[in-house]
Every structure is written in C-alpha cells, then in structure tokens.
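One structure is given here, and the rest of the page talks about it.
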C-alpha cells in the first residue's frame, strides 16, 4: 500500500498542472511512510530523483525548488530512522548471514541463476501459479510489454515506477537490502502495474483491428492469469491449510510437567512461546530458551545447552518449532535435532502437532 500510495501521489505531482498541495501531500506522506515501511525509502528516493529531473528538463524552477524541499524532508526522516533503529539492523552480522543468498550478485553474470530464482519468487508472491510453465511465459511477456508500453506512453511515469527497482538493486549488490521473501513484497504492486499495462496494451492493439476480438482476447488472458490463484483460494477456503501452532504443545506440557521439570525451547519457537507462556503457566519455573543468533551460532548454542544445561537431568521437555536451520543437514531438520538429543538420553513422552513438537527426555542415563 505504501508503494502504490507514493506512486499515485508522484503521478499527481508530474506536469505543469501539478498543484502545490499535491507536492506537499507527497512530502508529508513520504515523510511518515519511511518510518512505517523500510522499502518506502527506496521508492521515495526514486520518486524524488525523477520529479527533480522532470522539473529541471521543463525548466520549472519554482516546482524544482519545492521538490528539493520534499527531498530534504525525506532525508531528515530517513536519517532519524537510521539513527534510531536502522543502523543497529545494518550492523547485525547475523542478519547479513541469514539473508546472504538474497543479495544481488555483482557482477550480474556471477550468478544468473539468482535472478531467475528471485524473479520466479516474486511472481509466485504476486499471484500463486504465475511462476509455473505457461503462466510464467505469459506473465513475463505481459510484464515486458507493460514496461515498454509505460515508456512509450509516459516515460516520466515509467521512470517513477522503475527507478526504485534500480535503487534497491544497487543497495542489494552492496549487501544493504536483501531481495527475497517478505522484504521483496513491496515490488509486487510494481509487477501488477506492468501486468495490467501489458494487458491494456494488447487490448489497444487488437482494438484497432476488431473491438469484439479485443474484448474476447483481453478476457481470455485475464481469466487465464487469475484462474489458478482464484481456484487455489477457493480450495484453501474449503480446506484451509494448517500452519505451525505451538499452543497444543504448550498445553500438553502444562498438563504433564512436574515441579522440577526443565522446559527447553528451541530458539525459533521462542517468540511464540514467550507470547503464550502466561496463558499456560509456563512463564515460571525452570525455563531455558535459545537466543536468536545466526544459523551456525544457533546450532552451536543448541549443542552447548544440551551438553551443559540439559545433560544429566531426568525430566526435560524439549519444545521444537519454527526450525530455520540445521547447519546444512540433509533430510528432515527436526529429525536432525531429535537424533542429536537421542545421543544423550531417551524419549519418555512426546506430543506432536502440525509444525510443533515436544519431547520429554531422560538425560540422566544415556
């Protein structure tokens, strides 16, 4: 929403008829969105550069001065945000290690596969199924047509949409911002804009020849693109997909643990456990939780906890959920951890649900 709102307000700030109130509204909106959404800074930077270029080329120096004011306000907003929170994130080496495969390679030919994988992931996040077979080819064709169409129709608007992508790409090559998963979701509105523009361009071309054929072609393509995600959404509505739920596991531990039992929480489950712990009386007692560290450090930490804090105890509940890494192990990650624990003791009780498990171990005698 932040991306769409900024792009919309930027469009209103283009041209000779751009009003002072539109530019000020863009300034205020960008100022606050930079605090709410980190990617908004990239979008704002791209918009500022394009608007300044447009005013300069059209020799509209009064509005160019306004744009400089907008840019100054955004720089102050970003600078304050950076000092308060972003500099801590930027200096976190564990985050860089976690997202190491999400940074754009430089030079690009160093790893062409990264671009294909990232692009496919963006298509999948845009609408389920777009990254598959014929839909991949169709959506890619429409996106390219939409990009060309935007530049032919209004190259200032095209630059407003594309410049943020170039800026975030540069930041990614510098290992400042990863382009993967939820951190790349802000690019989805841009993809949708190009898809829609591509469909519109096809309609315009065919409409010059036959209006009925243009409508039929447009509807067929639109239905073909949307059918897979809509059908999937209906299936999920009828038979919802179950995600990881740690609550049944915590309830089981609450009902069966004894006073001196140790409860150990795998570090990935810590946020969920801490949130629900008071509801199940698990916020007191002998509770040990792993800390959020880089994948290698987290695995080392887990092994040290088993060796130094769990080993030798007869009743230890080990809660495992939200596993993010197992040090490059092959196969099921939970099995890797369970097999490691089995080297120190044996399972006396267990309870498993979708995405979460708990095992009660006796570590007093291997």
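The values are calculated or read from the model by the stated rules, or taken from the named source; none is laboratory data. All figures in this text were calculated on a predicted structure; none of them were measured in a lab. Ideal geometry is used to build each Cβ from the backbone, glycine not excepted, and the neighbour counts take in all protein chains shown.
Within segment 237-251, the set of residues being at pLDDT 85 or above and closer than 25 Å to residue 298 by Cβ comprises 246, 247, 248, 249, 250. Considering only residues of segment 316-366 that are in a loop (DSSP other than H, G, I, E, B) and over 30 Å from the mean Cα position of the chain (by Cα), which is modelled with the lowest pLDDT? Among those residues, the one meeting the criterion is 366. Exactly one residue out of 213, 277 is surrounded by fewer than 16 Cβ atoms within 10 Å (Cβ to Cβ), at pLDDT 90 or above and more than 29 Å from residue 7 (Cα to Cα): that is 213.
As a summary of the residue check, residue 237 satisfies the conditions (1) loosely packed, with under 12 Cβ neighbours inside 10 Å; (2) assigned by TED's automatic domain parsing to the domain that holds residue 301; (3) in a helix (DSSP H, G or I) except for the one numbered (2).
Scanning segment 180-201 turns up no residue that is at pLDDT below 90, over 23 Å from the mean Cα position of the chain (by Cα) and assigned to a helix (DSSP H, G or I). Scanning segment 11-52 for residues that are more than 29 Å from residue 83 (Cβ to Cβ) and either part of a helix (DSSP H, G or I) or modelled with pLDDT of 90 or more (or both) turns up 11, 12, 20, 21, 22. The set of residues from segment 96-155 being in contact (Cβ under 8 Å) with a residue 24 or more places away in the chain, within 30 Å of residue 235 (Cα to Cα) and outside any loop (DSSP other than H, G, I, E, B) comprises 118, 121, 122, 123, 125, 126, 135, 138, 139, 141, 142, 143. Could we say that residue 55 is surrounded by 13 or more Cβ atoms within 10 Å (Cβ to Cβ) and either over 27 Å from the mean Cα position of the chain (by Cα) or modelled with pLDDT of 90 or more (or both) here? Yes; evaluated as a whole, the condition is true for this residue.
Test residue 289 against the criterion of being crowded, with 17+ Cβ neighbours inside 10 Å and under 32 Å from the mean Cα position of the chain (by Cα), and give yes or no. In short, yes. One residue stands out in segment 120-164 among those that are under 17 Å from the mean Cα position of the chain (by Cα) and surrounded by fewer than 17 Cβ atoms within 10 Å (Cβ to Cβ): the one that is farthest from residue 203 (Cα to Cα), namely 121.
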